[in-house]
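Worksheet: one structure, shown below.
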Amino acid sequence: MNKRIGVITLIVVFLLVAGQACPRGGREDVVESRYRVGSEGLVLDFMRNMPPTKIYDLDELRIGVEISNRGAYPDSAGGKDLVGKLYLRGFDPNYIVFDEGDWQEIDRRLFGKDQYNPEGGYGLISFTSSTIELPGGIESYRPTLLATACYEYQTIANPVVCIDPNPYSTEVRERVCTIHDVSLGSQGAPVAVTRVEEAVMKDKIQFKIYVQNVGGGLVVDIDQLNSCPGNLDYTNLNKVDFSGEISGEALFDCRPDDYEIDLYDNSGFIICYASKPASGDAYETPLKIQLDYGYMSSISRQVEIVKTPE
């Protein structure tokens, strides 16, 4: 009996030690890694038969657009709402007038994926035209209806980098890490941090951070989002606002110095610096990166409007 009690005691002690050895944030990190993946933000789709492929001009034209947030922004617990609008285009407003107008606000509570909702938010916006007026002599009209979402979005990336005050030292010592470039996967957003290159200088550390549009839509200057979609020009596109920090300190002396990354052929980079420890052992730490931008996505469908026989 005493032997059995001793074995049970050893097992209990082992489990307690093992539990204390596990990092408290480990489970949260694992959960976050499951939803902060993918290259999509808002995904649009027309509802079945809304619009239909063919209607008569005396019928109501109903448009239904499903909106799924398949990215990881905004977080339902983060205190931010989604800001965006859905526009209808591609039709002659002299022929078709929608009761709600040609745009509507997207639901601000359309949250992204998180540990509570791994599929992301879902919403529906509908438009109805009770008035279709085809002029005399026109027997049919075939507009291609374009639904366009313009919205704010954000990318969070936390690549782990190596900080070594003396990476080129010939001193024989044990190192937990070495300076190396880091390649990243997706981060649950249509704009992704794809690579971080690190170089150690005399009194600072340089990070070259690469960014890419991976979502299939257009990146819009977040300050010009109100001009989306119809009043944009090339100067309003492909601009991403950047901020970063390491060990609680903001990166500095970034180039471009306005902390705005310009994308060419959907790719771009920024070079920033961090203070280098004067001495000490090498260690690993997350480089916290935040990207803010506007994004534009569209879907289209053609509908035939036929003149009602008299």
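Values quoted throughout were computed directly from the atomic coordinates according to the rules given, and no laboratory measurement underlies them. Being a predicted model, the structure only gives us computed values, none of them experimental. Glycine gets a Cβ as well: all are built from the backbone with ideal geometry, and neighbour counts include every protein chain shown.
Compared with the dominant principal axis of the Cα atoms in the chain, helix 2-21 is inclined by about 60°. Compactness ratio for region 101-178: Cα radius of gyration over 2.2 N^0.38 Å (N = residue count) comes to 2.41. For region 100-147, state which chymotrypsin sites (Phe, Trp or Tyr not before Pro) are in a DSSP loop and have at most 14 other beta carbons lying within 10 Å of their beta carbon. Those that pass, being in a loop and sparsely packed, are Tyr116. Ranked from largest, the principal axis spans of the Cα set of region 25-145 equal 70, 24, 18 Å. Residues Val240, Val193, Val83, Val161, arranged from fewest to most other Cβ atoms within 10 angstrom of their Cβ, appear as Val83, Val161, Val240, Val193.
Give, as a single signed number, the net charge of other residues whose beta carbon lies under 12 Å from the beta carbon of Ala192, with Lys and Arg counted +1 and Asp and Glu -1. Walk me through the numbers before you get to the answer.
Numbers: positive: Arg36, Arg195; negative: Glu40.
Once positives and negatives cancel, what remains is +1.
What is the calculated FRET efficiency for Asp257 to Thr131, with r their C-beta to C-beta distance and R₀ = 51 Å, to the nearest 0.05?
0.45
In the chain, the longest principal axis of the Cα atoms and the axis of helix 26-35 are about 30 degrees apart. Per residue, the convex hull around the alpha carbon atoms of the chain comes to 183 Å³. Estimated purely from DSSP H runs of n ≥ 4, each contributing -39500 (n - 2.57), the mean residue ellipticity at 222 nm for the chain is -3000 deg cm²/dmol once divided by its residues.
In the structure shown, the pairs Lys80/Lys288; Lys204/Lys288; Lys80/Lys208 are assessed against 21 Å; a Cα-Cα span above that value is assigned to Lys80/Lys208.
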